[in-house]
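Worksheet for the structure shown next.
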Amino acid sequence: LPRPQPALNGTCEDILRVGVVGAGLMGSGITEVCARAGLDVVVRETCPESVEAGRRRVLASLDRGLRSDKLTEADRDAALSRMHFTTDLGDLADRDLVIEAVAEDEQTKTEVFTALDKVVVRPSAILASNTSSIPIMKLGTATDRPGQVIGVHFFNPVPVLGLVELVPSLLTSGQTRARAEDFVTGVLGKQVVGSQDRAGFVVNALLVPYLLSAVRMLESGFASAGDIDNGMVLGCAHPMGPLRLADLIGLDTLKAIAESMYEEFKEPLYSPPPLLLRMVDAGLLGKKTGRGFHDYT
Ligand code: CAA
């Protein structure tokens, strides 16, 4: 990953202190890429156990990067020294940019934005969300600074995938959008695609119906999980098949995204199929719990 560079138009030079809310799959990946880009990162989780789980996730990913020569031991140690874990949201007070990456649930995210609005003191601070499907407008209007609220949507695994979707709401200022874009491209070295504030944005609007179709195909007995995945890996050169990808995303997260999209568009293709609902009820959430459509134990 590149070191921080002066932004192309100078608008994000003041973003040096980053906060991340949530150290799950996405929050830990965002923490890693920010720390590897030379930024000081404070990560907030709700309890010591979640802090430890988040720290372990970041360590495992850094070690994977080390094993595949993507970074040196010195880079890893420097990145670790730049990240600080906390359970106190108040520790994000001095941040220039806070990226929220908690569970894909509207009420939870709205509460985080209301709380961040009270805590983050810098007048120019940007409050960003990694949501994939919840309207940025709802998060913006949960604060007194909707002009500084924007969607900054990363992809999993965050250290590997080079895309970020930028999603301004109707109330997001042009300056916030420009600073966020400069930050993502100039500091994190990722590419940006822009999207209107519609559930699913660009990528999930295309990806989620595909993943749900694979679940329906399995559910109807049309083909086995292995054959569905092999079909797309070998027949279309996808890096992984749709059911394995659903397992990677997390079946609870996929269900939540599908529900938000269904709520927004009322299109049957976004409606989560019963098999997905039952698997989430059963706690079979994919790779993170050891079993989903495939077994990871
Ligand atoms: N740090 C740095 N590099 C890493 C790394 C890390 N932590 N982990 C892996 N890498 C690198 C490896 O070094 C390797 O690089 P090279 O190709 O240069 O050798 C590359 O990433 C692939 O890693 P692996 O060889 O270990 O693993 P793989 O080939 O099995 O690939 C995968 C794993 C990257 C997950 C790949 O299968 C993939 O890209 N799958 C698709 C993932 C995808 O579609 N994600 C989007 C999900 S949708 C989403 O996130 C949004 C949402 O809202 C739901």
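Beyond 20 Å, how much of the Cα-Cα pair distribution for the range 204-289 remains, as a whole percent?
28 percent
For the range 17-194, what's the relative contact order in percent, using C-alpha pairs closer than 8 Å and at least 6 residues apart?
Dividing the mean separation by the residue count of the range 17-194 yields 21 percent.
Using Cα centres only, tell me the gap between the range 39-86 and the range 153-211 in whole Å.
What the calculation gives is 23 Å, centre to centre.
Identify which of ALA103, ALA53, ALA246 has the largest mean-square fluctuation in a Gaussian network model of the chain, with springs joining Cα atoms closer than 10 Å.
Highest fluctuation of the listed residues: ALA53.
Based on the Cβ-Cβ distance from CYS236 to ASP77, what FRET efficiency comes out when R0 is 41 Å, to the nearest 0.05?
E(calc), rounded to 0.05, equals 0.55.
With point charges of +1 on the Cβ of Lys and Arg and -1 on the Cβ of Asp and Glu, referenced to the Cα centre of the chain, which listed residue (SER173, MET232, TYR270) lies farthest in the positive direction of the dipole?
MET232
Which lysines, if any, have their Cα less than 28 Å from the Cα of LYS287, not counting same-chain residues under 8 positions apart?
Partners found: LYS70, LYS109, LYS190, LYS255.
Can you sort ARG145, ARG67, ARG44 by how many other beta carbons sit within 10 Å, fewest first?
Ordered from fewest to most neighbouring Cβ atoms within 10 Å, ARG145, ARG67, ARG44 come out as ARG67, ARG145, ARG44.
In degrees, nearest 10, range 0 to 90: what is the angle between the Cα axis of helix 48-67 and the longest Cα principal axis of the chain?
80 degrees
Can you sort SER124, SER133, SER173 by how many other beta carbons sit within 10 Å, fewest first?
SER124, SER173, SER133
In what order do LYS70, LYS109 fall by count of nearby beta-carbon atoms within 10 Å, going from fewest to most?
LYS70, LYS109
Would you please classify the overall shape of the range 158-240 from the alpha carbon gyration tensor, given that a ≥ b ≥ c denote the square roots of the eigenvalues, rounded means a/c under 1.5, and beyond that prolate means a/b larger than b/c while oblate covers the rest?
It is oblate, given that a/c is not under 1.5 and a/b is not larger than b/c.
What does the extension gain come out to for GLU263 and ALA115, with contour length at 0.36 nm per residue minus their alpha carbon separation? If you can, show how the numbers build up before the last one.
Working: separation 148, 0.36 × 148 = 53.28 nm, distance 2.57 nm.
Net length gain for the segment: 50.7 nm.
Work out the P(r) tail for the chain: percent of alpha carbon pairs separated by more than 26 Å, whole number.
I get 44 percent for the Cα pairs in the chain exceeding 26 Å.
Give the average over all directions of the projected area of the C-alpha convex hull of the range 1-114, one decimal, in nm².
Computing the convex hull of the Cα atoms and averaging its projections yields 7.6 nm².
Please compute the contact order of the chain in relative form: average sequence separation of alpha-carbon pairs under 8 Å and at least six residues apart, divided by the residue count, as a percent.
15 percent.
Determine the relative contact order of the range 126-283: mean sequence separation of Cα pairs under 8 Å and six or more apart, normalised by residue count, in whole percent.
On the way: 223 pairs, mean separation 29.2, N = 158.
Over the range 126-283, the number comes to 18 percent.
Springs between alpha-carbon pairs under 10 angstrom, Gaussian network model over the chain: which of LEU206, LEU16, LEU269 fluctuates most?
Per the Cα network of the chain with a 10 Å cutoff, LEU206 tops the list.
Enter the angle in degrees (range 0 to 90, nearest 10) between the Cα long axis of helix 225-236 and the first principal axis of the Cα atoms of the chain, meaning the one along which they spread out most.
In the chain, helix 225-236 runs at an angle near 70 degrees to the longest axis.
For the range 284-290, take each phi angle, set θ = phi - 60°, evaluate the Karplus expression 6.51 cos²θ - 1.76 cosθ + 1.60, and give the result in whole Hz per residue in order, putting x for glycine and proline.
Along the range 284-290, the couplings run 8, 9, x, 4, 5, 10, x Hz.
Using a Gaussian network model of the chain with C-alpha springs under 10 Å, which one of GLY174, GLY250, GLY186 is most mobile by mean-square fluctuation?
GLY174
For HIS84, which sequence-distant residues (separation of 5 or more, or a different chain) have an amide H within less than 5 Å of its own amide H, given hydrogens modelled in the peptide plane?
Those qualifying (amide H under 5 Å, at least 5 residues apart or on another chain) are VAL41, VAL42, VAL43.
Mind listing the long-range amide H neighbours of GLY286? Cut-off is under 5 Å, sequence gap 5 or more, other chains count too, H placed in the peptide plane at 1.01 Å from N.
Result for GLY286 returns LEU251, ARG291, GLY292.
Given the rule -39500 (n - 2.57) for each run of at least 4 DSSP H residues, summed and divided by the residues of the chain, what is its mean residue ellipticity at 222 nm, to the nearest 500 deg cm²/dmol?
Calculated at 222 nm, the ellipticity per residue is -13500 deg cm²/dmol.
Report for the chain the percent antiparallel among DSSP-assigned beta bridges with both residues inside it, nearest 5.
Numbers: 7 of 31 bridges.
If we restrict to bridges inside the chain, about 25 percent are antiparallel.
Place a label point 7 angstrom from the Cα of LEU171 along the Cα-to-Cβ direction, then list the residues of the range 135-162 whose backbone nitrogen is under 15 Å away.
Only 135-151 fall inside the zone, counting backbone N under 15 Å.
Taking the 0 to 90 degree range and rounding to the nearest ten, how far is the long axis of helix 106-119 tilted relative to the main principal axis of the chain, both from C-alpha atoms?
10 degrees
Between LEU277 and GLN196, how many nm apart are label points set 7 Å from Cα along the C-beta direction?
Computed distance between label sites LEU277 and GLN196 equals 3.0 nm.
Values quoted throughout were computed directly from the atomic coordinates according to the rules given, and no laboratory measurement underlies them. Fair warning: this is a prediction, and the values are worked out from it, not measured in the lab. We place every Cβ from the backbone using ideal geometry, glycine too, and count neighbours over all the protein chains shown.
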